[in-house]
1. If each residue's Cβ is checked for other Cβ atoms within 10 Å, how do Lys158, Lys50, Lys251 rank with the fewest at the top?
2. Using only the alpha-carbon atoms, how far is helix 208-217 inclined from the longest principal axis of the chain? Give it as 0 to 90 degrees, nearest 10.
3. Specify the angular offset, from 0 to 90 degrees and rounded to the nearest 10, of the alpha carbon long axis of helix 121-136 from the longest principal axis of the alpha carbons in the chain.
4. Roughly how big is the chain's charge dipole about its Cα centre, with Cβ charges of +1 (Lys, Arg) and -1 (Asp, Glu), in debye to the nearest 20?
5. Hey, with R₀ at 30 Å, roughly what FRET efficiency would His281 and His78 work out to, going by the Cβ-Cβ distance, to 0.05?
6. Do the sum for the chain: with -39,500 (n - 2.57) for every DSSP H run of n ≥ 4, divided by all residues, what is the mean residue ellipticity at 222 nm, to the nearest 500 deg cm²/dmol?
7. For Rg/Rh (Cα atoms, Kirkwood Rh), one of (i) 0.96; (ii) 1.06; (iii) 0.92 was computed from the structure I shared and the rest are decoys. Which label?
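Please treat every number below as a calculation from the coordinates, not as lab data. Please read these numbers as outputs of a predicted model, since none were measured by experiment. Every residue, glycine among them, receives a Cβ derived from its backbone with ideal geometry; neighbour counts consider all protein chains shown.
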Amino acid sequence: MSTTMEATAQTMAQSPIAATTAMSDETLQLRRGTSTDAQICAEICYEAFKAINDRHGFPPDFPAVEVTLEMMSALFTHPETYSVVAERAGQVLGSNFLLEGSAIAGVGPITVAPNIQNVSVGRRLMEAVLDRARQQGFAGVRLVQAAFHNRSLSLYTKLGFDVQEPLANLQGQPLNLNIPGYLVRAATEADLAACSRLCQQVHGFDRAQELRQAIQQGTATVVEHCDRITGYATVIGFFGHAVGATNEDIKALIGAAQTFAGPGFLMPTRNSQLFRWCLEHGLRVVQPMTLMSLGLYNPPQGAFLPSILF
């Protein structure tokens, strides 16, 4: 852990992570989630995202309940994911998650049943995972929110999150192209150390656990330039992240992707050169999104694509 990260972690008790409000509604109960919650939480997640996206004229993030059920089942059983469920009188009202696989924790998805919006359930679910992050001593917490969702932007800002990067969710046909001098191949366990060093150089921390899982699932790729690893991706898609020493590394990873998983991948739009390259190659913007952080945030020293978590 870097000196900056250690200092930030030590001061988290004075940061907004620690400044959560007491639970005032005694009829609303928060508890740890279990695998038995997956079905109802999947239904809530699908309906909640569909409702807000429909209202603003955007396609749903998840095409069917079955897709959200697969995701929820994985989240509730993942050993490095903390889950929290809100319920009242035995009725599940929503859920939230904290990914705990690195020095930075990632939040989401947070969903609340559409028929009980705007009554502070979402705030309570957010406070629960932020309390967990404080207790576990994470150097920072990050999330990605839909830029058109004014309520969530306002809530996260009031809870202490800062806007760090405007993002565009991109989708389209696979590009099937090679960048001369940049070889893309499947990642292996032997690549973990080099990839972790690269992520440390770009972000100030590594995401080795996510990369290891992606390697085991067969989705991870690396790019080699001048006989060394200069970029990697867990998957080019909604739930994957990528890191590169330069834009050319990210271009190579995008160009070699056989598909853009889920709703597509997330592009930091301030990286105009890379964003323009994607548009010129026929990729389209699906929706605007925003990367937000609380606690440690080092401006990236290289190129990157965040996941829907961060």
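1. By the 10 Å Cβ count, ascending: Lys158, Lys50, Lys251.
2. Compared with the principal axis, the helix lies near 80 degrees.
3. Orientation of helix 121-136: about 60 degrees from the principal axis.
4. So the dipole magnitude of the chain works out to roughly 480 debye.
5. E(calc), rounded to 0.05, equals 0.30.
6. Rounded to the nearest 500, the figure is -10500 deg cm²/dmol.
7. Of the labelled values, this structure produces (i).
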